[in-house]
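Data first, discussion second: the structure below is written as structure tokens.
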């Protein structure tokens with residue numbers, strides 16, 4: 001799915017927030033909340049922008065981004081006009097649909113058509129996993145584990161079985177830290 005101008009604006013705002021933090025600027029929690037809600041809403045919208053219920057989210061996305069942008073640019077102005085102008089240019093580029101920052105490799109995705117009554121979780125590993133080891137856990141705990149790629153798995157099942165399988169999958173995280 002192609003990138004939306006709102007996604008580029010979101011990326012610029014995240015980079016601005018990160019840069020302000022590097023400059024030891026205190027960021028109010030309301031700003032990070034707006035940025036988080038914007039990303040969640042963008043992902044929800046992207047599932048099917050033609051669906052009427054999702055199309056209504058465009059207004060909310062704009063509200064979250066505008067609120068975060070105004071607050072962050074006020075903080076950027078305190079760093080000086082030159083600093084502020086750099087970020088204004090990036091925001092203008094994003095609003096024109098230009099790619100200012102490449103989108104991250106790993107984006108949140110909404111599950112479409114998940115089995116009813118099943119709990120679901122996605123687990124992202126730093127290094128690829130051996131599918132046979134993961135499938136053993138799935139069979140033992142009576143869950144469904146689907147590989148979305150060699151590092152990202154979706155786990156479906158009863159809530160209790162899901163918890164038990166995640167505890168066992170946790171051993172893979174420890175292995176990755178130790179290697």
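The values are calculated or read from the model by the stated rules, or taken from the named source; none is laboratory data. Note that the structure is a prediction, hence the values are computed from the model and not measured. Every residue, glycine as well, gets a Cβ built from its backbone with ideal geometry; the counts of neighbours run over all protein chains shown.
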Answer residue from the stretch 6-24, given it is over 12 Å from residue 76 (Cβ atoms) and touching a residue at least 40 places away in the same chain (Cβ under 8 Å) and is surrounded by the fewest Cβ atoms within 10 Å (Cβ to Cβ) among those: 11
Extreme residue, modelled with the lowest pLDDT, among residues of the stretch 116-142 that are under 9 Å from residue 157 (Cβ atoms) and under 25 Å from the mean Cα position of the chain (by Cα): 118
Any chance residue 105 is exposed (fewer than 13 other Cβ atoms within 10 Å of the Cβ), in a loop (DSSP other than H, G, I, E, B) and modelled with pLDDT under 80: yes
Candidate set: the stretch 34-48, residues that are under 13 Å from residue 67 (Cα atoms) and under 13 Å from the mean Cα position of the chain (by Cα); chosen: the one surrounded by the fewest Cβ atoms within 10 Å (Cβ to Cβ): 36
The stretch 13-64: number of residues that are more than 23 Å from residue 89 (Cβ to Cβ) and in a helix (DSSP H, G or I): 22
